Structure formats: C-alpha cells, structure tokens
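**Q** Following this message is one structure expressed as structure tokens.
Bear in mind these aren't lab numbers, they're just calculated from the coordinates by the rules spelled out. Given the structure is predicted, the values throughout are model-derived calculations rather than measurements. We place every Cβ from the backbone using ideal geometry, glycine too, and count neighbours over all the protein chains shown.
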Amino acid sequence: MQSEMYYYEPAQGHGLPHDPFNAIVGPRPIGWISSHDAEGRLNLAPYSFFNAFNYTPPIIGFSSVGRKDSLNNIEATGEFCWNLATRSLAEAMNQSCAAVAPEVDEFALSGLTPVASRVVAVPRVEESPVSFECKVTQLIQLHGVDKVAVPTWLVLGEVVAVHIAKALLVDGIYDTAAGEPILRGGGPADYFQLGREANFKMYRPK
C-alpha cells in the first residue's frame, strides 16, 4: 500500500501540468485507420484510443474524440482498415495526424502508398507489415454517468481480412516484437517502442 496518494476527481480537474489519465492507461496501441469518403477521397489518421475487443468474430475498435474525418467516412461507407504503426513508420504516422482539410490525402501528405484491399473498398498502407480490413458493426456515441451524450464516438468493426508480412511469422506464430509496434504514452509527445527485452512469459494456471 502506498503511503501517499495523489487524489483528484476528474470533474473538478486534475490540477497537474498534464492530464495523467492517458499516461496511466498506457502505453496504448495505435489505431492507424485508413478510410475514404463517399466520393473516394482518402483519409489516414492515428487514434490512440484503440484496441481489440473480441476473438470470434475478431472485433477491433477505436474512439474518435470529436467528429473527425475518419468517423464521417466510416459512417458513410461502413468500412475501414487498421494498419500497424511501426518504429520505421513513426514519422509518417505522425505526419498523418496533421489537422488538415477533409480533401487532403494523408497518404500523399505522409509519403505513403495506398494499396488495394481484398474484401473492402478502402485501401490499406502498403508500407505497413500488418493490416486488418474491417466492416463496421457498431457506431456508439458515448455518454457520461449523467446520461448526457459526449462528442465522442466508439467505432467497432469486424476484421474480415488480415494481411501479415511473412517475415513476422516464426514457425507459424506471429512475432510481436519483430513487428516493432509503437505505442502512445502520456504527455504531449511520448511514444514507446516495444522490444524483445520487454518480453516475459507467464502461463495461465490450470
């Protein structure tokens, strides 16, 4: 038990230089989401409120804080792709989060290549070693404990196709560390790189 604890109630403010919530829930995987609007204009954007939520069928989700282009596109088409953000793609990923007009193509802005998917119409990032093609299952506007809607939407999608670079499959098992995923930390600029030295094994009790 810690003898001294910092306490605050979020509704009253945290009283710190930077909100610790994001740093505590982390490092967080990045939802690097590609989409296009009804006219086919491309969008690519990273979301740090992202994770997997179900095995069968495989369902992933991300949260759009505010009505952003990705949300509008996905609402219009019902499709999106998730692309693994790696250490070598970190700068390109960062470029893709620039606040630009909806007609700006973040693939071109970031120097990345859109490549055709197999099941959905939305392209994936060719340079990314792992991509999921997804179809929307739910769009949920979040509510506070007071039942009042907040301007944040949870986008859930079923993974209908998976692309994995064969080099990341070792004896048929996906090598997480070899993928060099980057993860979002706290603070305005903190990211983490997952390396093999961080790995330890612990099996579930029988």
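**Q** Among the residues of segment 133-161, write down those that are farther than 13 Å from residue 74 by Cβ, in contact with a Leu (Cβ under 8 Å, 6 or more places away or on another chain) and among the β-branched types (Val, Ile, Thr).
**A** Hits for segment 133-161 are 150, 152.
**Q** Among 186, 144, which is the only one that is among the small types (Gly, Ala, Ser), within 17 Å of the chain's Cα centre (by Cα) and over 22 Å from residue 44 (Cβ atoms)?
**A** Working: 144 fails: within 17 Å of the chain's Cα centre (by Cα).
Residue meeting the stated conditions: 186.
**Q** Step by step: first the residues of segment 41-82, then only those that are surrounded by fewer than 17 Cβ atoms within 10 Å (Cβ to Cβ), touching a residue at least 12 places away in the same chain (Cβ under 8 Å) and over 23 Å from residue 143 (Cα atoms), then the one that is nearest to the chain's Cα centre (by Cα). Which residue is that?
**A** The extreme case among them is 58.
**Q** Still on this model: Among the residues of segment 90-101, what is the count of those that are over 22 Å from residue 157 (Cα atoms) and either part of a loop (DSSP other than H, G, I, E, B) or touching a residue at least 60 places away in the same chain (Cβ under 8 Å) (or both)? Reasoning before the result, please.
**A** In the first step, residues of segment 90-101 are kept if they are over 22 Å from residue 157 (Cα atoms); the result is 90-92, 94-95, 98-101.
Subsequent filtering for residues that are either part of a loop (DSSP other than H, G, I, E, B) or touching a residue at least 60 places away in the same chain (Cβ under 8 Å) (or both) retains 90, 98-101.
Counting residues in segment 90-101 that are over 22 Å from residue 157 (Cα atoms) and either part of a loop (DSSP other than H, G, I, E, B) or touching a residue at least 60 places away in the same chain (Cβ under 8 Å) (or both) gives 5.
**Q** Looking at (1) acidic (Asp, Glu); (2) more than 24 Å from residue 194 (Cβ to Cβ); (3) in a strand (DSSP E or B), which is the one condition that is false for residue 133?
**A** The number of the failed condition is (2).
**Q** Suppose we filter segment 140-164 for residues that are out of contact with any Ser or Thr (no Cβ under 9 Å at 6 or more places or on another chain) and either among the hydroxyl-bearing types (Ser, Thr, Tyr) or under 25 Å from residue 122 (Cα atoms) (or both); how many remain?
**A** Residues that pass the stated criteria total 3.
**Q** Could you check segment 94-113 and list, in sequence order, the residues that are closer than 12 Å to residue 34 by Cβ and in contact with a helix residue (DSSP H, G or I) (Cβ under 9 Å, 6 or more places away or on another chain)? Explain how you work it out, then say what you get.
**A** Restricting attention to segment 94-113, the residues satisfying the condition of being closer than 12 Å to residue 34 by Cβ are 96, 105-107, 110, 112-113.
Answer for segment 94-113, where residues must be closer than 12 Å to residue 34 by Cβ and in contact with a helix residue (DSSP H, G or I) (Cβ under 9 Å, 6 or more places away or on another chain): 96, 106, 110, 112, 113.
**Q** A further question follows. Which pairs do you get when a residue that is without any contact (Cβ under 8 Å) to a residue 40 or more places away in the chain, found in segment 106-135, comes within reach of a residue that is outside any strand (DSSP E or B) and among the hydrophobic types (A, V, I, L, M, F, W, C), reach meaning Cβ atoms under 8 angstrom, with the pair 6+ apart or on two chains?
**A** If the second residue must be outside any strand (DSSP E or B) and among the hydrophobic types (A, V, I, L, M, F, W, C), the pairs left are 109/98; 109/100; 111/92; 113/107; 126/112; 127/89; 127/92; 127/112.
**Q** So, in segment 160-191, exactly how many residues are assigned to a strand (DSSP E or B) and more than 25 Å from residue 134 (Cβ to Cβ)? It would help to see each step written out before you state the result.
**A** If we filter segment 160-191 for residues that are assigned to a strand (DSSP E or B), which is where we start, we get 160-164, 169-170, 173-174, 181-184, 191.
Remaining after also requiring more than 25 Å from residue 134 (Cβ to Cβ): 170.
Here the count works out to 1.
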